[in-house]
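The values are calculated or read from the model by the stated rules, or taken from the named source; none is laboratory data. As the structure is a computational prediction, the values presented were derived from the model and not from experiment. FYI the Cβ positions are ideal-geometry reconstructions off the backbone, even for glycines, and counts take in every protein chain you see.
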Amino acid sequence: MNPFFRSLTVIVLFWLGMSLSLTSCGTKKTTTPAPGKPRKILGLEGGAGLVNVSKHKDQGHSHKVVTTWTDKLKKFKEEKKYDEGGTLVVGIKGDASTLLPVTAVGVTSQQVYSLLFLTLTTTNPDFSHGPGLAKSWEFSEDQLQITFHLNDNVFWHDGVKTTAHDVKFSFERQRDPKVAWSAIKWKDHISKCEVIDDFTVKFYFTKKYPYQLMDAAVGAIMPKHILGNVPPGELKNHSFGQNPIGNGPFKFKLWKRNDRIEIVANEKYHTGRPPLDRIIFRIITDEDQLAHSLKIGEVDFVEALAVSKIPRLNKESSLVAHVVDSRSYTYLAWNLRNPLFTSKKVRHALTMSINRKEIIDSHLKGFGEICKGPVSPILAASNPNLPEFPFDPQKARDLFAAEGWRDTDGDKILDKDGKKFSFVLKTNKGNSIREKIVVQIQDMLKQVGVEVKTNIMDAPVMFAQLKKKEFEAVVVGWSVSLKTDMTTLWHSKQANTESFNFTSYSNPDFDKYNDTAVMEPDALKAQELWWKAQEVIVQDQPYTFLFVPKDINWVHKRFQNVQMETVGWHINLEQWWVKKADRKY
Amino acid sequence: MLSFILRRLLIAIPILFGLLTVNFFLIRLAPGDPADLYIDKDMDAEVKANIMKSMGLDQPVHIQYTRYLKNVFIDFDFGLSYTKKAPVKDLILEAVPNTIQLSLLALGIQIFLGIMIGIFSAAKQSTWIDGTARVGSLFFYSMPSFYLALVFIFIFAGGVFYIFPSSGMVNPVTYESMSFGEKIWDRIVHIFLPAITLGIGGAAGMSRYMRGELLEVIRQDYIRTARAKGLTETAVLFKHAVKNAIIPIITLIGLSLPVLFSGSVIIESVFAWPGMGRLAVEAAFQRDYPMFLAINLIFGTVVIMGSLIADILYAVADPKVRLS
Amino acid sequence: MGFVEKIPPLGHFKRGEKGKGLLISTLCLIFISFMIFKSHLMVEAVEKTLAKIQGEEIPYGSTEIDLLISTLFLPLAALGLMLYSFISLRKPVANTNYAEGPWVTVWRKFKKNRLAMTGGLIILSLYIIAILCPYIAPHDPTEQFDRVYDQLLPPSTKHLLGTDEFSRDAFSRIIYGSRISLLVGLLAVAIAVSLGTLYGAISGYFGGWIDNLMMRFVDIMLAFPTLILIITVIALWQNQSIWIIISVIGLMSWMGVARLVRGQFLVLKEREYFIAAKALGASGPRLIFKHLLPNAMTPIIVSATLRVGTTILLEASLSFLSLGVQPPEPSWGNIVFDTKGQIFSDTLWCMPLAAGLAIVITVTGYNLLGDGLRDALDPRLRK
């Protein structure tokens, strides 16, 4: 029996220097204005149209085929009340690395190849599984096997049919360490993949657990007839990555490095060609330049543009803003090995000294919510009743004083036993919001007598240092995935190794709840355990959880039927269309 | 002449070799590991080891070094870019023409504007034209290129007027379907702002030199003679003075090539121009060692070639100079 | 001599030294008016310092030291200027009958060059601004006002250039930014020039294979694309303290000076006076520092001045690539970078423009000064 299961986890999408910035969230603007000052927070009022996408919450993980979303797509294509043609120009901040799914790194590559290649299942807006390359699937009696029935009318862009052999081939490459697929762990519990006939394939599992379907389906299917003879170790050097042949709704056309990638409609797509003729990804690294290009119409769509660009874009009536719950949260991690931060009370005081509401109102323009705990509120496992540490500098000062931190030498900085309360706060370059809030936190902590020095570093170096615990405090974010468990970030077994438990967090209570929850197949019981685990973490405050942003995606208004969801902005890109009269190019 | 060029080229080899060596060890001394770029928190040690191995980073440094030198100088292979997962040679060959295009046009603008303003300024010495030209050229000479780029975008690319596109090399949407003439025009429109931004600083410097040289020449006896012959002032200026004053300026042309190339580092970022400069910045930020070394080698070559060209041009222009 | 001749500005005017009189009196007036209109700052600085000396427990950090330095500077500078003007009036009007020293000649030539004087004045006023930052800037450059409501305010009387995204006063930031630019320019060039001079001196003095070897190394260094190398060093080592930036820039730009000095030395070594000194058995260091270096000084000074300008540009470019000084410290480059997005806004476009203009003016100042010095010091160098 595989009931609904709820849990949170996190996967790191290394937000390289080029990656999309975490933007903002929030909706309620409830700060009390300072006396005598007009209450004015720049938001999405006036000019630009605003579509606030309805909020889809995690409904737990279903192992059934959920086809409501697919039916909608089908109906759209059958009714055919749209014009074909038109071009979408997408502005992106960084170039792709390669378009071979199994070796690609970074957000851009993933965005592009997910339009070129199909996966076994698709993710619906409510996070459930819909048909993809597989039209249906079923579990065996003992729940240890999944059989996928593939669509028999899917062709690779070079005309060859996609079959179960391709699925088996992709699975073998994905779990080959020589290929070094970044998500290799997802296939850990799959023992083998068997081709039953050309359009039926079976996955064997070593154990029963909630994420079997997700694990089997993750990863794009690659063409065996092209890559079959390439040794696994050579895959990443293969020119296929520069000139991919997929089976998705769009075909690769051309790629000018650091300039643009062009993909065109796949006329032979098994559910009918998408309305748009072409999608062009334009690489514009500078965010201001990107916003400017959007404004003057050189670019039609930008995902998760920093909110500080809103006042400028807001006046453009040709643009529509889509506000989407982001799959990420931003936090400030304290290194618990540092004597400054070993005391729980001190960490509470630090959290209380940081005015998170103000961060959201100023740099996110209200588009975000205070993050309360380690589980993103979009997920069902998030505990709504976590203890809060509201902004209260006076109480923070008292707490510091109770812990022995006082300003005895009159330099406006707290000290204890002759040691100043001073530390270096790091963050990664290329994320304008984080670069800004670091400076803001620096100023907020100065008010309570804590000296902060900032250091804005390159992401790869910073993460290497974090894993070696070579830091004092850091502002970064996690992108939330729909799978796995809290072990990687919080478990005590990782506390003393080079791991993503940067803070060296270790609490036996948490370990206990976490370890039981991971193995618990019953949804309600698991949720209870996850809630308790979160409470433990929040009480300990190894992180000061800062905010959960909302992404603001801007798109030109000539595009019809645009629907953006937390699971991805391009979820229905194959249905966007442009009225003939509105067509620009 | 030929033996001079050959000798200079021979000297260039050890210099490039030294440059490569210094760079190679410089980046390996730096903290941070390029493999960390790819490593996900769920990744095993085995996978990481595989990545390191595929990058050749598991070997001791001296072996990496000799292997690299062998690859570069014997096989002419710069390895595989860590971040772009494609041969560095291909990536650079794709980017170099774009930067050369930009730099050459900027050089043209620089030479033309610089010499013209210089001549004008000298011809109208001590008038308001001269004054404006001198102050103006000093002003542009003292201006950071990124600032000029911003101002140009502000004025010409959508801020005040929308005459030029603000970024890119071609119109990404319609370029492929354009006729040949339209393609050329599209490229001109796109290259105009970056090229002028890149060239204007050099033009300002050059006009200062040109003016100085010209004033020096005008004082010479043969100019006085020419005037005494009854030639018009324009004839004196262009037939006699400019011809002589331009010789030292020619040296500048070779020397400003490397300046333009490094100037592209900033200009290309601002105008989203897909050239070497952007590759260089990305490679440095992302620790893409093979890419970075190759780019440095190319920039080094440009510097050396620049000074060689300067010498040759000087010899060609001034018959008094003998290359030895 | 009448009474009028002895009163500073009037006396100068009477003697025909209009520029000098004007400059001295304006500066004095500015200093004194600062002392009067900002007297509360002076009082504050003195009170705090006295209290601190007496052992009271009051906050005393870098802001206070900063303020104290400017506070001490004001009256001292005003007093010094006055004294100087009185003394200079005591001396008889410059007499052309006796031979003037070399520096007097240089100064006389320099004074005649109006552009050079403008450059000199610009640089002088910039340094005064940098010292008097606490008196000139209306706000603390890192102070964040109400972070929600004072964000991106348009220019007003309270905030001359408006506020930035951190609700900080842009005008004050630009004023304080002068410190970073001037400091980087000066120190980096000092490093480059001393290193280059030493290197060039050794190479030029010994000649032969040592010279050959040392110059090959310079060739290698010159083949490095400087900007990219600096970007690499700073990006790879991840240390962006201002001292690292200064040293890196300094260590990467000595080659030009080294070549210059070596060239000068090679020429000077052929001169009779040098051959005579060598024949007399003067020691190596003595030959270098007593006989060669002073005579090679002119081009060094000129190139150093011009180099300050380019170094300031380099620092600005680094800041623009966000490789410069770390926030919240203001530098002109990072102000332009931080606010460049505002260039398209209706109200705040002047913010990045003003910061950039500050760079342009400073560099122009140094270039004018360098040109003027060259003309004054050695007309042969004119090219």
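Taking each residue of the range A:114-136 that is at negative phi and looking for partners that are charged (D, E, K, R) with beta-carbon atoms closer than 7 Å, six or more apart or interchain, yields A:Pro125/A:Glu565. Of the set (1) among the hydrophobic types (A, V, I, L, M, F, W, C); (2) more than 19 Å from the chain's Cα centre (by Cα); (3) within 14 Å of chain B (Cβ to nearest Cβ), all apply to A:Val439 but (3). How about the range B:147-164: which of its residues are out of contact with any Lys or Arg (no Cβ under 8 Å at 6 or more places or on another chain), facing another protein chain (nearest Cβ under 7 Å) and surrounded by fewer than 23 Cβ atoms within 10 Å (Cβ to Cβ)? Hits for the range B:147-164 are B:Phe154, B:Gly159, B:Tyr162.
For the condition free of Cβ contacts under 8 Å to residues at least 40 places away in the same chain and buried (at least 20 other Cβ atoms within 10 Å of the Cβ), B:Ala284 qualifies. Could you please find all residues in the range A:184-200 being under 24 Å from A:Ser481 (Cβ atoms) and in contact (Cβ under 8 Å) with a residue 40 or more places away in the chain? Correct list: A:Trp186 only. Here A:Arg278, A:Arg282 are screened, and the one residue that is under 15 Å from A:Ser109 (Cα atoms), modelled with pLDDT of 90 or more and touching a Lys or Arg at 6+ places or on another chain (Cβ under 8 Å) is A:Arg282. Given the residues A:Glu565, A:Glu574, A:Glu528, A:Glu472, which is the only one that is of a type in the set (D, E, K, R), at pLDDT 85 or above and in contact with a Pro (Cβ under 8 Å, 6 or more places away or on another chain)? Going through A:Glu565, A:Glu574, A:Glu528, A:Glu472 in turn, the sole match is A:Glu574.
Within the set of pairs 6+ apart or on separate chains, which have a first residue in the range C:51-71 that is more than 9 Å from every other protein chain (Cβ to nearest Cβ), a second that is among the charged types (D, E, K, R) and surrounded by 15 or more Cβ atoms within 10 Å (Cβ to Cβ), and C-beta atoms under 7 Å apart? As it stands, the answer is C:Glu64/C:Lys48, since those pairs meet every condition given.
Out of the residues in the range B:140-198 that are polar (S, T, N, Q) and in a helix (DSSP H, G or I), state the one that is nearest to C:Ala354 (Cα to Cα). Applying the filter and picking the extreme gives B:Ser145. Scanning the range A:281-293 for residues that are in contact (Cβ under 8 Å) with a residue 12 or more places away in the chain and surrounded by fewer than 23 Cβ atoms within 10 Å (Cβ to Cβ) turns up A:Thr285, A:Glu287. Across the range C:234-278, the number of residues qualifying as surrounded by 16 or more Cβ atoms within 10 Å (Cβ to Cβ) and among the charged types (D, E, K, R) comes to 3. Being of a type in the set (Val, Ile, Thr) and crowded, with 24+ Cβ neighbours inside 10 Å holds for only one residue in B:Val303, B:Val242, and it is B:Val303.
If you filter the range B:246-281 down to residues that are outside any helix (DSSP H, G or I) and facing another protein chain (nearest Cβ under 7 Å), you find that the one that is surrounded by the fewest Cβ atoms within 10 Å (Cβ to Cβ) is B:Pro274.
Restricting C:Leu186, C:Leu227, C:Leu198 to those that are buried (at least 17 other Cβ atoms within 10 Å of the Cβ) and either more than 25 Å from B:Met305 (Cβ to Cβ) or assigned by TED's automatic domain parsing to the domain that holds C:Leu293 (or both) reduces the list to C:Leu227. Screening B:Asp58 on (1) within 14 Å of another protein chain (Cβ to nearest Cβ); (2) buried (at least 19 other Cβ atoms within 10 Å of the Cβ); (3) at pLDDT below 85 shows it passes everything except condition (2).
Residue count for the range A:169-181 satisfying the condition of being more than 14 Å from chain B (Cβ to nearest Cβ) and crowded, with 19+ Cβ neighbours inside 10 Å: 3.
Considering the range B:85-95, the residues that are within 18 Å of B:Val72 (Cα to Cα) and out of contact with any Ser or Thr (no Cβ under 8 Å at 6 or more places or on another chain) include one that is surrounded by the fewest Cβ atoms within 10 Å (Cβ to Cβ), namely B:Leu93. Apart from one condition, C:Ala355 fits all of (1) at the interface with chain B (Cβ under 9 Å from one of its Cβ atoms); (2) at pLDDT below 90; the exception is (2). The lone criterion from (1) free of Cβ contacts under 8 Å to residues at least 24 places away in the same chain; (2) surrounded by 20 or more Cβ atoms within 10 Å (Cβ to Cβ) left unmet by A:Ile296 is number (2).
Scanning the range A:256-288 for residues that are of a type outside the set (A, V, I, L, M), within 10 Å of chain B (Cβ to nearest Cβ) and touching a helix residue (DSSP H, G or I) at 6+ places or on another chain (Cβ under 7 Å) turns up A:Arg257, A:Asn258, A:Phe281, A:Thr285, A:Asp286, A:Asp288.
Just to confirm my filter: which helices (runs of 4 or more DSSP H) fall fully inside the range C:179-262 and include at least 1 residues that are farther than 28 Å from C:Ser322 by Cα, in contact with a Phe, Trp or Tyr (Cβ under 9 Å, 6 or more places away or on another chain) and among the acidic types (Asp, Glu)? The qualifying helices (runs of 4 or more DSSP H) are C:208-223.
Note on the range A:384-501: enclosed strands (runs of 3 or more DSSP E) holding 3 or more residues that are touching a residue at least 60 places away in the same chain (Cβ under 8 Å) and of a type outside the set (Ser, Thr, Tyr) are A:422-428, A:473-481. Kindly provide the set of residues from the range A:218-253 that are under 27 Å from A:Pro275 (Cα atoms), out of contact with any helix residue (DSSP H, G or I) (no Cβ under 9 Å at 6 or more places or on another chain) and away from chain B (no Cβ under 14 Å), ordered by number. Selection gives nothing. Scanning the range B:138-176 for residues that are modelled with pLDDT of 90 or more and among the hydroxyl-bearing types (Ser, Thr, Tyr) yields B:Tyr141, B:Ser142, B:Ser145, B:Tyr147.
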